[in-house]
């Protein structure tokens, strides 16, 4: 598992795990800018590659493999920072954020849930593009930690109507931040006057302030 640790190695009271989306890797721009902003705020983070990316495969592994990798990466971050699991924020981009939410919201029939300080969900993929009937929210009722959803208003995988409706099942405090005119990849419309860099900077600021505010 290739990883990238950023920020102070000691002295922090919280840390963030950032997992990548299906078509990217640990160097995806949203993850890099968020990790950089967290480091400036004195909050360490760990980005990591799922095994299929290290093997240079395009198709993600099946969920059990991805979930096991997420658990392993969270354990690595806890060891590196000396923090207990309940002081870690789990999340990431799209599929990576979903995997983080699934290990926190796991049921008791398998490995069980892992504790966390919160969930940082950057472009949560509520359903596949073009298939709104295939909703990925079965674990939402088991989420009892604070959650931040940062999504574009043009996200084809989770609309501004669909995502809040699904998130009502979450027991923890839920916060939404909507990126105006941005799609699932955070690309805004040219007519908006914003650039991708603007959207990424906004994402980094919102994510960092939210993580700092967790208690």
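We did not get these values from a lab; they are worked out from the coordinates using the rules stated. If you're wondering where the values come from, they're calculated on a predicted model, not measured in any experiment. A quick note on method: Cβ atoms are made from the backbone with ideal geometry, for glycine too, and the neighbour counts reach across all protein chains shown.
How big is the shadow of the Cα convex hull of the chain, averaged over all directions, in nm²? Could you put the intermediate results ahead of the total?
Details: hull surface 44.5 nm².
Mean projected area of the Cα convex hull: 11.1 nm².
Do the sum for the chain: with -39,500 (n - 2.57) for every DSSP H run of n ≥ 4, divided by all residues, what is the mean residue ellipticity at 222 nm, to the nearest 500 deg cm²/dmol? Please list the in-between numbers first.
On the way: 6 runs with 69 residues, N = 215.
Taken over the chain, the calculation gives -10000 deg cm²/dmol.
Working out 0.36 nm times the residue gap between residue 108 and residue 79, then minus their Cα-Cα distance, what length gain in nm do you get to one decimal? Mind showing how you got there, number by number?
Numbers: separation 29, 0.36 × 29 = 10.44 nm, distance 2.45 nm.
Full extension from residue 108 to residue 79 adds 8.0 nm.
Which FRET efficiency value, to the nearest 0.05, do you get for residue 178 and residue 54 by plugging their Cβ-Cβ distance into 1/(1 + (r/R0)^6) with R0 = 41 Å? All intermediate terms of the calculation are to be shown ahead of the outcome.
Numbers: r = 34 Å, r/R0 = 0.82.
According to the calculation, E is roughly 0.75.
State, to one decimal in nm, how far the label point of residue 61 lies from the label point of residue 13, with both points 7 Å from Cα in the Cβ direction.
Result: 3.6 nm between the two label points.
For region 19-46 and region 98-170, what is the separation of their Cα centres, given in Å?
Centre-to-centre distance over Cα atoms comes out at 19 Å.
Please report the antiparallel percentage of the DSSP beta bridges confined to region 3-213, to the nearest 5. All intermediate terms of the calculation are to be shown ahead of the outcome.
Numbers: 4 of 28 bridges.
DSSP beta bridges in region 3-213 are roughly 15 percent antiparallel.
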